[in-house]
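The block underneath contains the structure these notes are about, expressed in structure tokens.
The values are calculated or read from the model by the stated rules, or taken from the named source; none is laboratory data. These numbers were taken from a predicted model, which means no experiment stands behind them. Neighbour counts are summed over all protein chains in view; Cβ atoms, including those assigned to glycine, are modelled from backbone coordinates with ideal geometry. Accessible surface areas use protein heavy atoms only, side chains included; no ligands, DNA or RNA. Shrake-Rupley method; radii C 1.70, N 1.55, O 1.52, S 1.80 Å.
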Amino acid sequence: MRSAIIGFVVGIGWLQIQAALPAQSFLWLLVAMGILLACSARSVQRPVFKIPVLAACGAALGFAWAALFAQHYLAQQLPKELEGQDVTVVGTIDSLPIHFEQGVRFNFMVERVVADSGVVPVVPSRLALSWYTGFGKNEMRTVADVRPGERWQLTVRLRRPHGNANPYGFDYEVWLLEQNLRATGSVRPDGKLLLKNRRLDRFVVGFGNIVERCRGWLRDRIFAALPEKEYAGVIVALVVGDQRAVSQSDWKIFNRSGISHLISISGLHITMIAGLFAALVFALWRRSFFTQAGLPLLLPAQKAAALAGAGAALIYVLLAGFGVPAQRTLYMLSVVAAALWFGRITSVSHVLCVALGVVALLDPWAVLWPGFWLSFGAVAVILYVSVGRMQWHADAEHSAKQRWMKTIKSATLTQYAVTVGLVPLTMLLFGQISLISPIANAVAIPLVSFVVTPLSLAGSVLPAPLSGWLLGFAHVLVEWLARGLGWLSEFPAAVWMAPVPPPWIFMLALAGTFWLLAPRGWPVRWLGLAAWLPLFLNVPLHPKPGEMWVTAFDIGQGTALLIETERHRLLYDTGPFYSPESNGGNRVIVPYLKARGIASLDAVMISHNDNDHSGGALSIFDEIKVGWTSSSLAYDSPIMQAAPNHRRCAVGQAWSWDGVRFEMLHPAPASYDSAKWKPNARSCTLKITLGAQSILLPGDIEAVQEQELVDSSADKLQASVLLAPHHGSGTSSTVAFLAAVKPDIALFQVGYRNRYRHPKQEIFDRYGELGIKRLRNDDAGAIALRFGPQLDVTEYRTDHARYWHGR
């Protein structure tokens, strides 16, 4: 059975890396083959032959199941012709609303579409909506106070699921697919609508609505009891699983100290609550709740405890919004409870495999997320080092002190095993490990799991003033913990960072880990550390002599390019500002750099002050060591004040790195003394040349500046690749400028269906009419250019195509 389940998970994983879904006829053929293999395995006696047959059977069924599952979810699609159109829908608020500075976000369950004509538009059943505040023509627009379970009539503007596509980046499109959110959009303001946005019912009875309303009630109680408290968001995360109120600065501390897994309704917390309720019911049931009922004769106390633990876990997971990580723990505990109920606890590895199979069966996309592998990896490591090795019996011969010492020793060995055992997997998933994690977790796990979480849960439901006291005490403990972790995380050696390892390095390190954690008596266990050497000595890839790499990130509506020579790196622009907690720097650029093991940049150039070019700068300065900075920003800009070794960009500046020449063509120094120019007009315009090939990066210059360059530097403008000025706006890319540059390739860094409608169709067509190859980040994802003896171009959405892209 175990080999079949593992094969089933492998088959599901194989489907998730496919560029397209197979035909249904092929899938049913796989199902038939899997059934045939399962039948033939019954007649095979020798394990050496039976295990591969069962694994192949599981793989065939897993692949087919995941494909059929995906086809069912993808069947609901927003027609392309409805993108950008106003549609009026009636439905219910289907999630806990998330409030942010610009408005509120929530999921919406569509009940019906209101149509003016006889043709009713086809709209997916679940939508991810945002309702923004803003300024109308004559007044300030506000958003309504939406609550879970309410029925609303809303006019919305929808678009198909789309996210940024970058190496090592978060795949928003598959996340939406997993949540069955088949369109995103925004609520339209009432100003010009014939059908106004309005609440139709205060509450629509339904199981999901009741759960979400309870979660909202608990969240409101916590924020009311902890007004303006710095770590109130952490308490909310522990009680209802909503992490949105935890600041990025706090996440940075939690990640560097390796305890971020605790700042949510984690598997550890769910297991603790389930175990607490199970132990309480077990003790009371054995005593018939101190009555003469004789309950153990009706139902064994062990079964009652298993039922109580599973029920407590279910309630706690529902409080977490039934999120995928919490579901994994629930399924695992449910399998254990079922095994106890039916008396089938024969092998913990069987229980683990069944839980693995249940999770993959109910959520085939779970295999794409780090939490899936870390959760089951941690349990597998614990089983590997404990079964048959760390057992002891707390009988009467042991004193209380001896029992405590054995418990502490067992917990210490378990924490050591998990920390060591997950090193290869953590490096594969994140490219870094926290060296202070063992110390931080030794304090944080018991404090958060056994003190803060129970206090938070009790405080969230008990009446005032008791609730305020408990929540206040929990907040104080979290505050003390955060202060200590902040001090620890300041150490330069707190985190070890290296490039994400290739498969052979990971497998070698994994084998070394098993060798290192082998039982006593295993020969020279310390040699397992030698297998880790390639993992830790792995260095970032870089261009060879005579080569240059340019990566144009899929950053949304903004600009960010990484230029690499043999020994130097320059970042041109830092991407857009999304929100106070999110920008192109911390969402796209920094994760990419860290995954490649790049801890420093020689230079950062910020072309001008617009948010779509400078929005990620502060996050990059905070996370990445930067040698010097160049920009056209004003002296009083917060970015310039934080920028290391800043210098203003100006025409005539030039330098060479590893045979690559960098030359500034714009702006003129005198432009800084003039108040008539917008920031766009002073964009740092950089030309980078390697032999006969070059790339021109003009920022957001417009027609006037393009003409100035044509008049003053026409002989320097010719380039193999051109970053389209101002994202292909209607005020740039003049015919004279393009004739002077004569590019073979033009890059358009634009956001999908951006509000500026960049690139303008006439400008985009102009490039095509001149025979210039046009590449758009919103279509291609991240674009990588390799300059050398020849120019090679790769598109991320082509090289890493997945069946859900563009669906």
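Which one of these is open to solvent by less than 10 Å² (accessible area, probe 1.4 Å), in contact with a Pro (Cβ under 9 Å, 6 or more places away or on another chain) and without any contact (Cβ under 8 Å) to a residue 60 or more places away in the chain: 738, 717, 696, 723?
Just a single option satisfies the conditions, and that option is 696.
Do we have any residue at all in region 83-95 that's modelled with pLDDT of 90 or more, more than 27 Å from the chain's Cα centre (by Cα) and among the small types (Gly, Ala, Ser)?
Looking for residues that are modelled with pLDDT of 90 or more, more than 27 Å from the chain's Cα centre (by Cα) and among the small types (Gly, Ala, Ser), one finds at least one in region 83-95, hence yes.
Quickly run through region 468-479 and pick out the residues that are open to solvent by 30 Å² or more (accessible area, probe 1.4 Å) and touching a Lys or Arg at 6+ places or on another chain (Cβ under 9 Å).
Scanning region 468-479 gives a single hit, 479.
So the check is Cβ under 7 Å with 6+ separation or different chains; which pairs have a first residue in region 286-303 that's more than 21 Å from residue 340 (Cβ to Cβ) and open to solvent by less than 60 Å² (accessible area, probe 1.4 Å) and a second one that's polar (S, T, N, Q) and not in a loop (DSSP other than H, G, I, E, B)?
Close Cβ pairs satisfying both conditions: 294/288.
Pull up region 215-246, narrow it to residues that are of a type in the set (Asp, Glu) and farther than 25 Å from residue 313 by Cβ, then point me to the one that is most open to solvent (accessible area, probe 1.4 Å).
228
Out of 458, 464, 442, which single residue is under 20 Å from residue 252 (Cα atoms) and either at pLDDT 95 or above or surrounded by fewer than 18 Cβ atoms within 10 Å (Cβ to Cβ) (or both)?
Sole residue among the options that is under 20 Å from residue 252 (Cα atoms) and either at pLDDT 95 or above or surrounded by fewer than 18 Cβ atoms within 10 Å (Cβ to Cβ) (or both): 442.
Just the residues that are among the aliphatic types (A, V, I, L, M) and open to solvent by less than 30 Å² (accessible area, probe 1.4 Å), please, taken from region 114-130.
Matches in region 114-130: 123, 127, 128, 129.
Please enumerate the residues belonging to region 247-274 that are of a type in the set (Gly, Ala, Ser) and farther than 17 Å from residue 319 by Cα. Please lay out each step first, then the result.
Let us first name the residues in region 247-274 that are of a type in the set (Gly, Ala, Ser), namely 247, 249, 257-258, 260, 264, 266-267, 274.
The answer is 247, 249, 257, 258, 260.
In contact with a strand residue (DSSP E or B) (Cβ under 7 Å, 6 or more places away or on another chain) and open to solvent by less than 30 Å² (accessible area, probe 1.4 Å): does that describe residue 482?
For residue 482, the condition - in contact with a strand residue (DSSP E or B) (Cβ under 7 Å, 6 or more places away or on another chain) and open to solvent by less than 30 Å² (accessible area, probe 1.4 Å) - is not met.
Within region 748-760, is even one residue part of a strand (DSSP E or B) and buried (at least 22 other Cβ atoms within 10 Å of the Cβ)?
Yes: region 748-760 contains one or more residues that are part of a strand (DSSP E or B) and buried (at least 22 other Cβ atoms within 10 Å of the Cβ).
Considering only region 409-425, I want to know if a residue exists there that is open to solvent by less than 50 Å² (accessible area, probe 1.4 Å), at pLDDT 90 or above and among the polar types (S, T, N, Q).
No, because not a single residue in region 409-425 is open to solvent by less than 50 Å² (accessible area, probe 1.4 Å), at pLDDT 90 or above and among the polar types (S, T, N, Q).
Count, please, the residues in region 566-603 that happen to be in a strand (DSSP E or B) and of a type in the set (D, E, K, R).
Here the count works out to 2.
Which ones in region 154-164 are open to solvent by 10 Å² or more (accessible area, probe 1.4 Å) and either of a type in the set (S, T, N, Q) or within 15 Å of the chain's Cα centre (by Cα) (or both)?
Scanning region 154-164 gives 162, 164.
Pick from 84, 62: which is crowded, with 16+ Cβ neighbours inside 10 Å and either in contact (Cβ under 8 Å) with a residue 24 or more places away in the chain or part of a strand (DSSP E or B) (or both)? Please lay out each step first, then the result.
Values: 84 fails: crowded, with 16+ Cβ neighbours inside 10 Å.
Checking each option against the conditions leaves just 62.
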